[in-house]
Amino acid sequence: MPSRNFFVANFGCRASQSEGGAIEQELLDASAARAESPFVADVVIVNTCTVTEEADRDARQMIRRIASRNPEARVIVTGCYAQRAPEELASLPRVSHVVGNSHKPLVGQLALKVLDPEFESFLPDGRAEIFCSDIFLEDELKPETHLGSSGRTRAVVKVQDGCNANCSFCIIPSVRGRSRSLDPAAVVSEVLSLVERDYKEVVLSGIHLGTYGRDLAVRTSLFELIVRILERVPELERLRLSSIEPLEVAPEIISLVSTDPRMARHFHIPLQSGSRRVLREMRRPYQPDYYSNLAHSIRRKLSDAAIGADVMVGFPGETDEEFTETFRLIEDSPLTYLHVFPYSARPGTPAAALDSGIPPRVAQFRAKALRRLIARKNEEFRRRMIGQTLEVLVLQPEDALSTNFVRVRVPTGLPVNEWTSVKVTGVEEAGLRAS
C-alpha cells in the first residue's frame, strides 16, 4: 500500500495560496496524508511565484533542498514560474512533473498518481514530464480556497484570476492570462460552505481583484459582490479584502468598510512609486497625488484602519530625487505597512529592455530606508491602540488577529477560532500584547 504522504509548499500571493489550498484539499479528500514538512513527504508540490527573480530563486532553492534532504521525494512544480519557464524547472533534481497554470487543475490527480509506488516518476530519458500550454486559452474560473494552517479560522477564496493591465515591469499577465471572474452565485455558495464549516473570516482574493465581474456575461462589480455576500450569508462574521488597485477602491467600498462591522478595517493598495515620471514609465494609470488623497480619505473615515501598499525601488532610471519623492509620500501618508521590492527585470516585459543604470546596492539601500520608515510608522500605529479594548479572532493558542490586521499575543487558554475582547497592554516586535 502506498504511504500517500504529501506536502504543498506555497509561494506568492493570496490567489496562489488559494490554488495551493485547493490542491491540498483535493488530496485530503482522496485520503492522502499531509506530511509535516517537505523533507519527510513522498510527494512535494511546489506552487511557485515568478513576480521577481528572488521569487524564482526561492523556488529553485526549495527544490534543491528537498532533493538534498529528502532524496526519495518526487517533486511536482506548478504555478507562475512553471508557466513561464517549464524547461528550466524540469532540469532540477527530483522534479517529476512541471505543470503550468494552464494545467493546474491536473496537479491533484498527478500527485495521486505519483504517490502510487509502482509509478515511474521520470520519462525514460530522465526528463520530467511537462504540462503547459497557452494561458490565454483559459476562459473559465473554478472555486479555489486556501484554508490556512491554523485550523478552521480564516479562509482565502480566489474570486478572480488573470490581469488585463500592462504594467511595464510585470510578468503576471503572461503567466495568468486574461482577467476571469468566478460567477457570483458560485462565490456565495463557497462562502456559505465555509461558514457552515465554522470558518469565522473569509478573505476575497484575486490577481486583479478590483476588476471582478467586468468579464461576466451579466456584468457586475467587486462592490456588488461584497454586498451580495453580506446579504446572502448573514452568518459570515468577517469579510476581508486582499489587494485592490488605487483606481478601483470605489467610494462605496470605503463607506461600506467604515459602516459594516463585518467588514475588516483593512485596505491593501499597491503604490509602486511616489514619482510621477516613474509611475508613467511603469504604465501605472494614476498619479502620486491621487494615491495620497485616497489613503488620507480612508484614514478620515476609518481612524484605526490598516492601510498597506506594495512599493518598488530601483526601477530603471529612478533617480535619487525620484526615490525621495516616494519616501516623502510614504512618510506623509497614513500607511501602516509596506511590502518593499527592489526592481527585478522579468524576461519579455517592456521594462526589461530598459537600461537600469542602478546598482543593486543602491536599490537595496533604498529598500532598507523604506523598511526603516514603515517600521517606525507601524509602531506608532500600534502604540495608539495601547489601552484600547479590541475584539480579536484567536487563530491558535496565544495568537490572535484584529480587524485592522494586527497580530495580538493574547493570554493562554483562550479558545481557538472564537472572538474575544482583550485590552491592549503594550507593543511587541511585530504586534500587540493584550490581557
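Scanning the stretch 380-393 for residues that are surrounded by 14 or more Cβ atoms within 10 Å (Cβ to Cβ) and either of a type outside the set (A, V, I, L, M, F, W, C) or modelled with pLDDT under 95 (or both) yields a count of 1. Against the numbered list (1) more than 21 Å from F131 (Cα to Cα); (2) small (G, A, S); (3) in contact with a strand residue (DSSP E or B) (Cβ under 7 Å, 6 or more places away or on another chain), S96 comes up short only at (1). Counted as qualifying within the stretch 249-329 are the helices (runs of 4 or more DSSP H) with 2 or more residues that are out of contact with any Pro (no Cβ under 9 Å at 6 or more places or on another chain) and free of Cβ contacts under 8 Å to residues at least 40 places away in the same chain, namely 251-259, 288-301. Inspection of the stretch 389-404 finds a residue satisfying the criterion of being touching a strand residue (DSSP E or B) at 6+ places or on another chain (Cβ under 6 Å), small (G, A, S) and free of Cβ contacts under 8 Å to residues at least 40 places away in the same chain.
Could you count how many residues in the stretch 230-261 are of a type in the set (D, E, K, R) and either crowded, with 17+ Cβ neighbours inside 10 Å or under 25 Å from V311 (Cα atoms) (or both)? Quick ask: steps written out before the conclusion?
As a first pass, look at the stretch 230-261 and keep what is of a type in the set (D, E, K, R): 231-232, 235, 237-238, 240, 245, 248, 252, 260.
Retained after the next criterion (residues that are either crowded, with 17+ Cβ neighbours inside 10 Å or under 25 Å from V311 (Cα atoms) (or both)): 238, 240, 245, 248.
Of the residues in the stretch 230-261, 4 are of a type in the set (D, E, K, R) and either crowded, with 17+ Cβ neighbours inside 10 Å or under 25 Å from V311 (Cα atoms) (or both).
Here C80 fits the description: farther than 14 Å from A128 by Cβ, within 18 Å of the chain's Cα centre (by Cα) and buried (at least 24 other Cβ atoms within 10 Å of the Cβ). Being under 29 Å from L329 (Cβ atoms), hydrophobic (A, V, I, L, M, F, W, C) and either modelled with pLDDT of 95 or more or assigned by TED's automatic domain parsing to the domain that holds T48 (or both) is a property that holds for L271. If you go through the stretch 353-367 and pick out every residue that is surrounded by fewer than 18 Cβ atoms within 10 Å (Cβ to Cβ) and either at pLDDT 95 or above or outside any loop (DSSP other than H, G, I, E, B) (or both), you end up with 6.
Here D198 meets the list (1) at positive phi; (2) free of Cβ contacts under 8 Å to residues at least 40 places away in the same chain almost entirely, failing just condition (2). Please tell me if S189 is of a type in the set (G, A, S) and either more than 30 Å from S273 (Cα to Cα) or touching a strand residue (DSSP E or B) at 6+ places or on another chain (Cβ under 6 Å) (or both). Yes: the conditions hold for S189.
For beta carbons closer than 6 Å, sequence separation of 6+ or different chains, a first residue in the stretch 60-87 that is in the same structural domain as V43 (by TED's automatic domain parsing) and a second that is acidic (D, E) and surrounded by fewer than 24 Cβ atoms within 10 Å (Cβ to Cβ), the qualifying pairs are Y81/D56.
Every residue, every condition in (1) outside the structural domain of L395 (by TED's automatic domain parsing); (2) farther than 23 Å from S133 by Cα; (3) at pLDDT below 95, yes or no:
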| residue | (1), (2), (3) |
| --- | --- |
| S150 | yes, yes, yes |
| V159 | yes, no, no |
| R178 | yes, no, yes |
| S189 | yes, yes, no |
| V202 | yes, yes, no |
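Restricting attention to the stretch 98-130, and to residues there that are in contact with a Phe, Trp or Tyr (Cβ under 7 Å, 6 or more places away or on another chain) and of a type outside the set (A, V, I, L, M, F, W, C), which single residue is modelled with the lowest pLDDT? By that ranking, first place goes to K113.
For (1) outside the structural domain of R238 (by TED's automatic domain parsing); (2) touching a Ser or Thr at 6+ places or on another chain (Cβ under 9 Å), each residue gets a yes or a no:
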position	(1), (2)
D355	no, no
P359	no, no
A363	no, yes
A375	no, no
F405	yes, yes
V408	yes, yes
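Give the stretch 338-352 a look and list any residue that's touching a strand residue (DSSP E or B) at 6+ places or on another chain (Cβ under 6 Å) and crowded, with 17+ Cβ neighbours inside 10 Å, or say none. Reasoning before the result, please.
First, the residues of the stretch 338-352 that are touching a strand residue (DSSP E or B) at 6+ places or on another chain (Cβ under 6 Å): 338-343.
Passing the criteria: L338, V340, F341, P342, Y343.
Examine the stretch 42-64 for a residue that is surrounded by fewer than 24 Cβ atoms within 10 Å (Cβ to Cβ), within 21 Å of I130 (Cβ to Cβ), more than 20 Å from the chain's Cα centre (by Cα) and of a type in the set (G, A, S), and state whether such a residue exists. So far as the stretch 42-64 goes, no, none of its residues is surrounded by fewer than 24 Cβ atoms within 10 Å (Cβ to Cβ), within 21 Å of I130 (Cβ to Cβ), more than 20 Å from the chain's Cα centre (by Cα) and of a type in the set (G, A, S).
The values are calculated or read from the model by the stated rules, or taken from the named source; none is laboratory data. Fair warning: this is a prediction, and the values are worked out from it, not measured in the lab. Note: ideal-geometry Cβ built from the backbone for every residue, glycine included; neighbour counts use all protein chains shown.
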